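To start, the structure under review is shown below, and the notes come after it.
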């Protein structure tokens with residue numbers, strides 16, 4: 001394990017032992033709807049997070065961090081990844097501490113002032129965590145964490161006819177156009193043919209990693225379920241027969257959160273290409289003097305994809321999904337009935353500060 005690897009995901013058995021079993025169907029249903037909403041309402045979520053004032057300075061600093069490294073002519077990818085890793089681990093540690101308190105501190109639900117203070121802290125930390133998620137998994141943002149890595153791949157793949165003066169700037173624009181097209185502004189004389197050339201080389205690599213990120217489809221295809229089984233019945237089966245799902249639970253993944261993957265796994269899928277086939281078009285364009293840099297960049301790209309998988313498994317398939325839904329349920333019980341739906345609608349689309357407004361209104365901003 002390298003110092004810049006993603007955090008290890010803990011087994012879920014200790015978490016499940018602290019959440020009332022009768023609540024698990026509600027958690028699974030709300031989380032499945034949450035995942036659906038992330039897909040169908042991604043524009044709304046993106047715009048909310050892009051304009052969330054309480055974390056504006058953190059958002060801009062993060063953007064400057066990634067963009068600054070991307071603009072460098074010869075970025076030290078190892079140092080960049082180590083710096084990124086420190087940020088990721090620091091936020092994850094804070095999220096873990098919050099989850100621990102939700103599961104173990106009964107006084108949290110007995111004091112309005114304590115609960116309001118907890119939610120203020122939770123809201124801020126989880127908006128920062130959401131920035132990490134969007135900067136890892138979305139091309140809809142101004143930057144993506146893997147931009148410096150992709151820029152190196154572009155730089156090394158350009159032919160010798162591109163002079164040294166133009167190479168760095170052109171590589172920057174191409175990387176931005178391929179990875180973050182929504183916010184990629186280019187000069188008037190930008191030649192899109194270079195972009196199309198690199199995209200043709202890079203797309204097979206992205207496809208290879210995207211299929212690796214979908215490993216749950218392969219796992220769920222091996223799990224036997226009853227015909228017409230409902231989500232509630234699936235939750236019950238996991239609770240009754242945890243050994244049947246031990247491989248996922250030990251990896252920190254709660255099987256009912258993979259409900260969509262379970263159904264999709266029953267349909268035929270095309271075989272994915274192997275790594276050698278995926279990288280061959282790009283490597284064929286690399287000159288000998290650049291091969292070591294390209295190999296390093298490909299290795300770093302693999303690590304960033306591990307971070308993406310780690311984030312998805314923790315936040316959308318595992319511990320945070322379980323604990324946060326338990327937290328929302330516990331909080332919703334204490335909120336005025338007429339405001340409860342507004343709270344759940346906001347929090348189940350990661351609009352943490354909108355949900356916090358409901359809490360502070362309900363509890364009168366308890367100090």
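Structure data summary
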read-out	value
Hey, residue 294 more than 25 Å from the chain's Cα centre (by Cα) and either assigned to a loop (DSSP other than H, G, I, E, B) or buried (at least 19 other Cβ atoms within 10 Å of the Cβ) (or both) or not	yes
Flag for residue 18 being surrounded by fewer than 16 Cβ atoms within 10 Å (Cβ to Cβ) and in contact with a helix residue (DSSP H, G or I) (Cβ under 6 Å, 6 or more places away or on another chain)	yes
Residue within the range 333-349 that is under 17 Å from the mean Cα position of the chain (by Cα), more than 19 Å from residue 248 (Cβ to Cβ) and assigned to a loop (DSSP other than H, G, I, E, B) present	yes
Residue list for the range 234-248, filter: exposed (fewer than 14 other Cβ atoms within 10 Å of the Cβ) and either in contact (Cβ under 8 Å) with a residue 24 or more places away in the chain or part of a helix (DSSP H, G or I) (or both)	240, 243, 246, 247
Search result, residues across the range 44-77 that are touching a helix residue (DSSP H, G or I) at 6+ places or on another chain (Cβ under 7 Å), modelled with pLDDT of 90 or more and in a helix (DSSP H, G or I)	54, 55, 58, 59, 62, 66, 69, 70, 71, 77
Set 211, 182, 176, 196: member being within 23 Å of residue 261 (Cβ to Cβ) and either in contact with a strand residue (DSSP E or B) (Cβ under 6 Å, 6 or more places away or on another chain) or in a helix (DSSP H, G or I) (or both)	211
Residue within the range 184-194 that is more than 19 Å from the chain's Cα centre (by Cα), in contact (Cβ under 8 Å) with a residue 40 or more places away in the chain, at negative phi and surrounded by fewer than 22 Cβ atoms within 10 Å (Cβ to Cβ) present	no
Number of positions in the range 123-157 that are part of a helix (DSSP H, G or I) and either closer than 21 Å to residue 50 by Cβ or in contact with a strand residue (DSSP E or B) (Cβ under 8 Å, 6 or more places away or on another chain) (or both)	16
From 198, 257, residue being modelled with pLDDT of 85 or more, touching a helix residue (DSSP H, G or I) at 6+ places or on another chain (Cβ under 6 Å) and either closer than 26 Å to residue 34 by Cα or surrounded by fewer than 16 Cβ atoms within 10 Å (Cβ to Cβ) (or both)	257
Qualifying residue in the range 291-307 (condition: free of Cβ contacts under 8 Å to residues at least 24 places away in the same chain and in contact with a helix residue (DSSP H, G or I) (Cβ under 6 Å, 6 or more places away or on another chain))	no
Of all residues making up the range 104-122, the number that are assigned to a helix (DSSP H, G or I), loosely packed, with under 12 Cβ neighbours inside 10 Å and free of Cβ contacts under 8 Å to residues at least 60 places away in the same chain	2
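The values are calculated or read from the model by the stated rules, or taken from the named source; none is laboratory data. Remember, predicted model here, so these are calculated numbers, not experimental data. Note: ideal-geometry Cβ built from the backbone for every residue, glycine included; neighbour counts use all protein chains shown.
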